[in-house]
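The structure appears right after this line, and notes come after that.
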Amino acid sequence: MPVTNPQPQLRRELGVFGATLMGLGSIVGTGVFVSIGIAAGIAGPAVILAVAIGALVATCNGLSSAQLAANHPVSGGTYEYGYKYLNPAFGFTAGWMFLVAKTASAATAALGFAGYLLNLFGVSSAWVVFTALLAVAVMTLIVLNGIRRSNFTNIAIVSVTLLSLGFFVLACFPRAIQVGVDNFTPFFTGSPANLLHASALMFVAYTGYGRIATLGEEARSPRQTIPKAMIVCLLLTMLLYMAVAAVAIGAVGVDVLADATQQTKAAPLEVAARNVTGVGGAFILAVGAMTAMLGVLLNLILGLSRVLLAMGRRHDAPRFLARLNQQQTTPYWAVVVVGVAIALLVLLGNVKTTWSFSAFSVLIYYAITNLAALRLEPHEQLYPKWVAFLGLLSCLFLAFWVESSIWQVGLGLIVAGLIWHKVRQKVRGS
């Protein structure tokens, strides 16, 4: 039996425009500034095709998320959908995987922001951890002030990021036209396995769209707002990724982008911009990268805190995490706990396997999303069932495409989480 969320509820303040920008703020970050370079090193110029494949899988998942959120518009995303349409074990697993993957991603975003900032001003990298902690603290305080101020901050961040990427595309386009034929030949440089590997990485670069669903309780007219925002967000992101990948490869070639991903203080796009436009262009890209990382951090704190809020309501996490502030705009304890957890991972400073681990965890999360969408009643369905079925199969396939050590640890964490869930249920029932 599904448990009805108790009052008080969060106020509905997000429209299509704000929800779309929340999704863009969550997506446009590591994926465009780092992952494209990594994937290009694996698949060569065919990374453009990998971007499209990743978008296709993400669209299936996004549509499943959209119709679930439209019919069940509460905070918590697939954690709530698993409970309502499947069973408590699936719901808890979804929430657990989301928390594990996205907390690590948030720490990565904070460290990435710090690295770009210090590199821009020539400050020693010894200050990276301190600067990242400061960024986490500031973004946590912003989220504590409520969704409206967070939304305004997000709009500013996304605007700067998109402007810098627009500059990159326009600045590199002439060079790409001039020498692009050589840089795109041959188009396929490896096996189909390389293309699938790159597609898995690029799928992860889209996964921020789920933030729209986790904020479902705060969306106006959720049945219309959430699907529209999800589709617009994914379409814009795919077009942006393909444009950036095409001009970057065309202008400087795959080898330059791949080599840049091995550097600790420079993003592939920053290196490409420096080669084409000089220091000025690199500066603009660095500013865009920093705002993007802040946007990712802001939106991850928002999404993670809403999942903790939902888990607190169901007693899957400590009950105090479900408390709201007096204005009923923020689950303040959940936000604080998320901020502390991210800060602890920042202190570790070791996130080399974060991207692959996040890939496994997020793909399991969205596999449950699609499975829940298959359980919708006919009158609840906004899209054909084959969309959710295709999304389910794609997620399960890509989840086990990552390195075996990654998915083995991931499965271990799932088992550990389910043991905790079972024990807590027994304690509550005794």
Cα-based convex hull volume of region 16-423 per residue, rounded to whole Å³: 121 Å³
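Using the Cβ atoms and a cut-off under 14 Å, what net charge is assigned to the surroundings of A373, where Lys and Arg are +1 and Asp and Glu are -1?
0
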Relative packing of 245-257, 93-105, which averages over residues the other C-beta atoms within 10 Å, highest first: 93-105, 245-257
Neighbourhood charge, 13 Å Cβ-Cβ cut-off, centred on A89 and excluding it, Lys, Arg +1 and Asp, Glu -1: +2
Here region 52-67 yields Karplus 3J(HN,Hα) values (6.51, -1.76, 1.60; θ = phi - 60°; whole Hz; Gly and Pro given as x) of 5, 5, x, 5, 4, 5, 5, 5, 4, 5, x, 5, 5, 4, 5, 6
Enumerate the calculated ³J(HN,Hα) couplings along region 304-320 in order (Karplus 6.51 cos²θ - 1.76 cosθ + 1.60, θ = phi - 60°), each rounded to whole Hz, writing x wherever the residue is Gly or Pro. 4, 5, 6, 5, 4, 4, 5, 5, x, 5, 9, 6, 6, 10, x, 4, 5
Per residue of region 37-46, what does 6.51 cos²θ - 1.76 cosθ + 1.60 with θ = phi - 60° give for ³J(HN,Hα)? Whole Hz please, x for Gly and Pro, Karplus curve as stated. x, 5, 5, 5, x, 8, 9, x, x, 5
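Around R319, what is the net charge, scoring Lys/Arg as +1 and Asp/Glu as -1 over all other residues with Cβ under 13 Å from its Cβ?
Local charge sum for R319: +4.
Each reported figure results from applying straightforward, stated rules to the coordinates on display, with no laboratory input. What you see is a predicted model; the values in this text were computed from it and never measured. Reconstructed Cβ throughout: ideal geometry from the backbone, glycine too, with neighbour counts over all protein chains shown.
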